[in-house]
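The values are calculated or read from the model by the stated rules, or taken from the named source; none is laboratory data. What you see is a predicted model; the values in this text were computed from it and never measured. All Cβ positions, even for glycine, are placed from backbone atoms using ideal geometry, and neighbour counts span all protein chains on display. Heads up: the accessible areas ignore ligands, DNA and RNA and are worked out on the full protein's heavy atoms, side chains in. Shrake-Rupley method; radii C 1.70, N 1.55, O 1.52, S 1.80 Å.
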Amino acid sequence: MDICFSNFLDVDAARLYSITPSLPHSLTPSLPHSPHSPHSPHSPHSPAMRVIIQRVKSSQVTVDGEVIGKIGRGLNLLVGICDRDTETELDWMVRKCLELRLFPESEGNSRWQKSIQEIQGELLVVSQFTLYGDCRKGRRPSFDRSANPQVAEDLYNRFVDKLRSSGLKVETGQFGAMMEVAITNDGPVTLILEK
């Protein structure tokens, strides 16, 4: 299956779009809300780092008409960095991406037996803060939970470096840019990872 989509990655602009008019206090509903509720944005039980894993036959990312990253058989990773992510989340996510068994052992065997490392596949890693778009209120997503751009870029680069330490080919998009990502999804297989 061929899929092509664009990512809007100007974080500051996206935050501006999340601004909504404030209601008078008398019209604002008062709801009991524990800081440790599972639904609280900063609850210790709410998911942090998010990665969308897509098993692909090929994938590429284009910026300003130029292909800056391209892979063959492997995994396309869309990476969202949360406002509370740390090295712990990075290490867990790297291990999962490299060790999950997502590939069949042979052409005629549909059972997933092998990891990206075992098939010596390739990785295309694209930053995507929109994974933290909260659409529960209003008609415009809020991106309050996405990390500050400077923090997010640092963690994203460290995530990429940790993947590269596996020895696999790792290509990337361009952090903060308007990107077009084209994939040939194999299956299709798409998984959501949250730490």
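Quick check, is residue 57 open to solvent by 10 Å² or more (accessible area, probe 1.4 Å), touching a residue at least 40 places away in the same chain (Cβ under 8 Å) and farther than 20 Å from residue 175 by Cβ?
So residue 57 passes the test.
For residues that are assigned to a loop (DSSP other than H, G, I, E, B) and open to solvent by 60 Å² or more (accessible area, probe 1.4 Å), scanning just segment 60-75, find the one that is nearest to residue 163 (Cα to Cα). The qualifying residue nearest to residue 163 (Cα to Cα) is 73. One residue stands out among those in segment 132-147 that are open to solvent by 80 Å² or more (accessible area, probe 1.4 Å) and of a type in the set (D, E, K, R): the one that is farthest from residue 89 (Cα to Cα), which is 139. Of all the residues in segment 153-184, those that are in a loop (DSSP other than H, G, I, E, B) and touching a Ser or Thr at 6+ places or on another chain (Cβ under 8 Å) number 4.
For segment 129-150, does any single residue satisfy the condition of being modelled with pLDDT of 95 or more, among the hydroxyl-bearing types (Ser, Thr, Tyr) and farther than 18 Å from residue 51 by Cα? There is no residue in segment 129-150 that is modelled with pLDDT of 95 or more, among the hydroxyl-bearing types (Ser, Thr, Tyr) and farther than 18 Å from residue 51 by Cα.
The combined condition, being open to solvent by less than 10 Å² (accessible area, probe 1.4 Å) and either farther than 29 Å from residue 178 by Cβ or at pLDDT below 95 (or both), is fulfilled by residue 82. Any residue that is closer than 14 Å to residue 55 by Cβ, open to solvent by 60 Å² or more (accessible area, probe 1.4 Å) and in contact with a strand residue (DSSP E or B) (Cβ under 6 Å, 6 or more places away or on another chain) - is there at least one of those in segment 97-107? Yes, segment 97-107 contains at least one residue that is closer than 14 Å to residue 55 by Cβ, open to solvent by 60 Å² or more (accessible area, probe 1.4 Å) and in contact with a strand residue (DSSP E or B) (Cβ under 6 Å, 6 or more places away or on another chain). With respect to the conditions (1) in contact (Cβ under 8 Å) with a residue 40 or more places away in the chain; (2) within 18 Å of residue 95 (Cα to Cα); (3) open to solvent by 60 Å² or more (accessible area, probe 1.4 Å), residue 164 lacks only one, and its number is (1).
Is it fair to say residue 78 is part of a strand (DSSP E or B) and over 15 Å from the mean Cα position of the chain (by Cα)? Can you show your working first?
Numbers: part of a strand (DSSP E or B): yes; over 15 Å from the mean Cα position of the chain (by Cα): no.
No: the conditions fail for residue 78.
Out of 120, 150, one residue alone is assigned to a helix (DSSP H, G or I), free of Cβ contacts under 8 Å to residues at least 60 places away in the same chain and either touching a Pro at 6+ places or on another chain (Cβ under 6 Å) or open to solvent by 50 Å² or more (accessible area, probe 1.4 Å) (or both). It is 150.
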